[in-house]
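The values are calculated or read from the model by the stated rules, or taken from the named source; none is laboratory data. The structure displayed is predicted, hence computed values, not measured ones. Cβ sites come from the backbone with ideal geometry, for glycine too, and all protein chains shown count toward neighbours.
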Amino acid sequence: MDNIKKIYKSDQEEFYNSRFDDFGLIVQADGWTSESLAHYYYERVLKLINISKPNSRQVDLLDIGSGHGFFYEYLKTSKLTDNFNYTGIEINENSCKKAQEKDPGLNYICSDFLDYDFMGLNFDFVSFIGTFSIFKSLSELEFYDIALANLEKAFSLADKACILLISRFAIPNESLDKFFSEVLKISPFFDFDSTLFGDYLVLTLYKKKYVLDLYRDFKESESKTA
């Protein structure tokens, strides 16, 4: 796994450093084709977290592959930062430093997520927003190994759910059954959305307690309107 991680990190650095050189500090530096497309996917993730109005309690969010910090920038422009206790972690040191320069008071961690010790810290939600899009030097099996290792660790840190926004091209159609069999080992409570516009799919893994809480709230709401 150590060698796979090195290859993966090298691919990430080569791609995103090149994107920054080509575009500068705009969303295209994080691999998006346009700001509107990035915002479309950011909003999709927010809907899954179900943040639409101020809450009495901040949502603890870990954003894995936080890049140059554009998801948090979207939270700012949408006036949602007060709803979140946000932490970003980014494997590419150059991207992470640019994000830290934009928001010096924010908690950005420059590290490989698999290597970082969170020391028992947990989050309500953990997200991968387009994190697994660059895999040019890895075989399909190697990509599976690193993606699933990341997903398993992320799920262990999530109290409610783990959200994976992943490239359609990362999982060939003929490999979906295998992928889902591995996902089921992590959690039987998952939802897969392949209807999104563009090049991404969304996989959401839910914690059992969160599913039961949602069901209880639904039944209480149903009984009140009956």
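Per-structure values
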| read-out | value |
| --- | --- |
| Filter result for the condition that a residue is touching a Phe, Trp or Tyr at 6+ places or on another chain (Cβ under 7 Å), modelled with pLDDT under 85 and of a type in the set (Phe, Trp, Tyr), over Phe189, Phe135, Phe169 | Phe135 |
| Among (1) over 22 Å from Lys207 (Cα atoms); (2) modelled with pLDDT of 85 or more - the single one Ser175 does not satisfy | (2) |
| Residue within region 19-29 that is touching a Gly at 6+ places or on another chain (Cβ under 7 Å) and more than 16 Å from Ser167 (Cα to Cα) present | yes |
| First in region 56-72 and more than 11 Å from Cys110 (Cα to Cα) and without any contact (Cβ under 8 Å) to a residue 40 or more places away in the chain, second anywhere and among the acidic types (Asp, Glu) and part of a loop (DSSP other than H, G, I, E, B), Cβ under 9 Å, 6 or more apart | Gly69/Asp103; Tyr72/Asp103 |
| Residue check for Val126: in contact (Cβ under 8 Å) with a residue 40 or more places away in the chain, under 25 Å from Leu25 (Cα atoms) and aliphatic (A, V, I, L, M) | yes |
| Residue that is farther than 24 Å from Tyr40 by Cβ, assigned to a helix (DSSP H, G or I) and among the polar types (S, T, N, Q), where the choices are Ser156, Ser95 | Ser156 |
| Residue tally, condition of a type in the set (Gly, Ala, Ser), surrounded by 15 or more Cβ atoms within 10 Å (Cβ to Cβ) and assigned to a loop (DSSP other than H, G, I, E, B), over region 4-45 | 1 |
| Residue ID - surrounded by the most Cβ atoms within 10 Å (Cβ to Cβ), chosen from residues in region 129-174 that are in contact (Cβ under 8 Å) with a residue 60 or more places away in the chain and hydroxyl-bearing (Ser, Thr, Tyr) | Thr131 |
| Which listed residue, of Phe169, Phe155, Phe180, Phe143, is closer than 28 Å to Ile4 by Cβ, in contact with a Leu (Cβ under 8 Å, 6 or more places away or on another chain) and not acidic (Asp, Glu) | Phe155 |
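Conditions (1) of a type in the set (Lys, Arg); (2) touching a Gly at 6+ places or on another chain (Cβ under 6 Å); (3) within 23 Å of Tyr16 (Cβ to Cβ), marked per residue:
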| site | (1), (2), (3) |
| --- | --- |
| Arg57 | yes, no, no |
| Asp60 | no, no, no |
| His68 | no, no, yes |
| Leu75 | no, no, yes |
| Asn83 | no, no, no |
| Ser95 | no, yes, yes |
| Ala99 | no, yes, yes |
| Tyr108 | no, yes, yes |
